[in-house]
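Scroll down for the structure; my scribbles are underneath it.
The values are calculated or read from the model by the stated rules, or taken from the named source; none is laboratory data. Treat the numbers as computed from the prediction; the structure is a model and nothing was measured. Reconstructed Cβ throughout: ideal geometry from the backbone, glycine too, with neighbour counts over all protein chains shown.
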Amino acid sequence: MGGWLAQELDEAAQRRAIRDLSQKAGIDLGELCRSLAMNWDELCRLNEEPLVMIGSHTVGHYAAKCLSADEARAQILDDVARQEAELGARGRSFSPIPMAGRIQRMRAISTWSPISASSWR
């Protein structure tokens, strides 16, 4: 059940399908996200803790391997810029979304990334 979503659809189509299914089920995805995810004020407070390191990935939470190199570059750079604007500092690490895999592809992208590939976890 659900395998078609990950295996047969590209990420944009997956997002449309999830929005459609959620709407049919009466689930407010925006409210669900707000109830589960930290907001920028919470992240700013957390970022003040010396043992906390906030990293980057993609601004739209896309798996970078599912994007073209240009799309991945834009997503990563936009995320870095947003973090700098919201937190006052650039993230010190890059964390690919777990399903992204293909770290070699991401390391190749790192040649233009503002975050060192050696910091990727």
Members of the stretch 70-112 found to be closer than 16 Å to Ile54 by Cβ, buried (at least 18 other Cβ atoms within 10 Å of the Cβ) and either at pLDDT below 80 or among the hydroxyl-bearing types (Ser, Thr, Tyr) (or both), listed by number
Gly91, Phe94, Pro96
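Small (Gly, Ala, Ser) and in contact (Cβ under 8 Å) with a residue 24 or more places away in the chain - does that describe any residue in the stretch 61-68?
Applying the first criterion (small (Gly, Ala, Ser)) to the stretch 61-68 yields 63-64, 68.
Among the residues that remain, those that are also in contact (Cβ under 8 Å) with a residue 24 or more places away in the chain are: 63-64.
Yes, the stretch 61-68 has at least one match.
Here's the yes/no breakdown for (1) assigned by TED's automatic domain parsing to the domain that holds Gly91; (2) exposed (fewer than 11 other Cβ atoms within 10 Å of the Cβ); (3) under 30 Å from Arg92 (Cβ atoms):
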residue: Ala17; (1), (2), (3): no, no, no
residue: Leu21; (1), (2), (3): no, no, no
residue: Asp28; (1), (2), (3): no, no, no
residue: Glu42; (1), (2), (3): yes, yes, yes
residue: Asn47; (1), (2), (3): yes, no, yes
residue: Gly55; (1), (2), (3): yes, no, yes
Out of curiosity, is Leu67 surrounded by 10 or more Cβ atoms within 10 Å (Cβ to Cβ), within 18 Å of the chain's Cα centre (by Cα), of a type outside the set (Val, Ile, Thr) and at pLDDT 90 or above?
no
